[in-house]
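The structure under discussion appears below in the form of structure tokens.
Read the figures in this text as sums done on the coordinates, not as results from a lab. Here the structure is a predicted model, which means the values were calculated and not measured. No Cβ is skipped: glycine too gets one built from the backbone with ideal geometry, and neighbour counts run over all protein chains shown.
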Amino acid sequence: MIRAIFLTAVVLAISIGGGAASVWLALSASEGIGAVVISGWTAFPDVGTPHADTYSKARFAREGGLSLGRAEGITFVAQQDTSGNRLRRRCTYQIEGEIPSARFWTLYAADDQRVVLPPTVRRIPALHSQEMLRTVDGAISITASPHPAPGNWLGLSGSGPMQFVLTLYDTPAATSSRVFEISLPQVLRVGCDD
């Protein structure tokens, strides 16, 4: 009798623990079901639409994110540089390349929970398309660093891992059929303080 109760408890613990672990892994994955990865930037184009999968809906509900519908825009997140190294706040990065056509876009640095990093030296903690200095061919070149830099500078603060969040508003790239046709800027590591 005691053996049967013990075996039942073990089976229930494995079932409940395994199920909870698999859900946690699915919700914590930056890539996976419904994800589109372009040049190291990850997006979930179906979030905010009736076609969104259950895991994407749960991930955005847990993060408290605001999902954009296809007519509104799309959000891309980069957690690694072009070499595959995890982004860190004590490093300097050069974000270079073209931004897909959009009426308006924003770029900011965030922690692992996608909370915007606190601003440095009385600056707004995000950049947007209306204030960008562009190259002759219309591309962008942004220095993301804890140290001030000339041109387009995105200040980083604190220490630990981070991610860049690029949101395109009112863009044709938001449709799932067009999202694979776009190119996004590269995130190049220039150097680190530690």
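Nothing charged except the Cβ atoms of Lys and Arg (+1) and of Asp and Glu (-1): what's the magnitude of the dipole of the stretch 34-192 about its Cα centre? Round to the nearest 20 debye.
Details: 15 positive and 13 negative charges, 97 e Å.
Computed about the Cα centre, the dipole is about 460 debye.
Once you list every other residue whose beta carbon is under 11 Å from the beta carbon of residue 82, what net charge do they have if Lys and Arg are +1 and Asp and Glu are -1?
-1
Quick check: pseudo-label points 7 Å beyond the Cα along Cα→Cβ at residue 116 and residue 129, how many nm apart are they?
1.8
Rounded to the nearest 0.05, what FRET efficiency do residue 35 and residue 189 have when you use their Cβ-Cβ distance and R0 = 22 Å? Before the final figure, lay out the partial values.
On the way: r = 23 Å, r/R0 = 1.06.
With R0 = 22 Å, the Cβ-Cβ based efficiency is 0.40.
Which whole-angstrom value gives the distance between the alpha carbon centres of the stretch 136-159 and the stretch 81-134?
8
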